[in-house]
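Visitor: One structure, as C-alpha cells, below. Some questions next.
The values are calculated or read from the model by the stated rules, or taken from the named source; none is laboratory data. As the structure is a prediction and not an experimental result, all values here were calculated from the model. When we count neighbours, we look across all protein chains shown, and the Cβ atoms used for this are built from the backbone with ideal geometry, even at glycine.
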Amino acid sequence: MKYFILLLFIFIFFSCDEYEYKKPLTPICKAKIDTNATGIWIFDNIKKYNNFNIQLDTHFLIIYPFNKNEYAIIFNSTKQKSNNIPVIYKGHISKIGKYTFANVKWLNDESEYIYYAFKIENDSLYYWGFLKNKVPYQINAKRFFTKHYNDTNIISAIRVYKKFKHQIPLIPNVE
C-alpha cells in the first residue's frame, strides 16, 4: 500500500505543474482512435525544460481503446519495490491543424484534463506538457497550444517511449 501511495504522489507531483483545465481541447465525441498510439510503450528517456522537477522510474504505458473515441492509459512501474500497482487514466486525441494533442485525466471524472502534445515517429512516442505558470490565465487554448507546440520556453519535459514489438493481443478492434 505504501508503494501505491508513493506512486500516486509521484503522478500528482509531476502533473500538478503542468497546465490542466476542466474541458478537453476538442469534444470527446469528435475524437477518433489512432491505432498507431495503441500498444505497450516502454519508457526510454526524458528531456527536461525550464527546471521542471520530475523523477520517473522505469515504467511502461499500455494504451488501448475502450470505446470508439477514448483510450485507457495504464501507467505501471517496472521496479520490483513498487508492487507494480498500475495507475489508470483515460484520454482522447485532439487533432488541431497539423498538431496532435492528448487530453488526459484520471479515470475519475472529477479531475481536470492535462493537455499533452505528442507525436509518434519510428516506433517512438514523444509527449510533452506545458508549464502552467508559463500559460496565461485567460487563453484561447487551441490557438495558444498550436502556436507554442514546440516552444521550449513553456514545455515541461519531453518523455520518450519505445514501442514494445511483441504485442500481446489486448488491443480490440473498435471499427
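Visitor: Can you confirm whether Asn69 is buried (at least 16 other Cβ atoms within 10 Å of the Cβ), in a loop (DSSP other than H, G, I, E, B) and at pLDDT 95 or above?
Guide: Considered against the rule, which asks whether it is buried (at least 16 other Cβ atoms within 10 Å of the Cβ), in a loop (DSSP other than H, G, I, E, B) and at pLDDT 95 or above, Asn69 comes out as yes.
Visitor: Which residue, of Ile5, Ile46, Ile33, Ile10, is of a type in the set (Val, Ile, Thr), modelled with pLDDT of 90 or more and out of contact with any helix residue (DSSP H, G or I) (no Cβ under 7 Å at 6 or more places or on another chain)?
Guide: One residue alone meets the criteria, Ile33.
Visitor: Shifting gears a bit: Just for strands (runs of 3 or more DSSP E) wholly inside segment 84-175: which have at least 2 residues that are modelled with pLDDT of 95 or more, touching a Phe, Trp or Tyr at 6+ places or on another chain (Cβ under 6 Å) and among the aliphatic types (A, V, I, L, M)?
Guide: The qualifying strands (runs of 3 or more DSSP E) are 99-106.
Visitor: Next up: Which of the residues that make up segment 135-150 are out of contact with any helix residue (DSSP H, G or I) (no Cβ under 8 Å at 6 or more places or on another chain) and either within 20 Å of Lys119 (Cβ to Cβ) or touching a residue at least 12 places away in the same chain (Cβ under 8 Å) (or both)?
Guide: Answer for segment 135-150, where residues must be out of contact with any helix residue (DSSP H, G or I) (no Cβ under 8 Å at 6 or more places or on another chain) and either within 20 Å of Lys119 (Cβ to Cβ) or touching a residue at least 12 places away in the same chain (Cβ under 8 Å) (or both): Ala141, Lys142, Arg143, Phe144, Phe145, Thr146, Lys147, His148, Tyr149, Asn150.
Visitor: Of all residues in segment 54-72, count the ones that are touching a residue at least 60 places away in the same chain (Cβ under 8 Å) and either among the hydrophobic types (A, V, I, L, M, F, W, C) or under 18 Å from Lys162 (Cα atoms) (or both).
Guide: Residues that pass the stated criteria total 6.
Visitor: Would it be correct to say that Thr38 is surrounded by 16 or more Cβ atoms within 10 Å (Cβ to Cβ), out of contact with any helix residue (DSSP H, G or I) (no Cβ under 7 Å at 6 or more places or on another chain) and of a type in the set (Val, Ile, Thr)?
Guide: Yes, satisfied.
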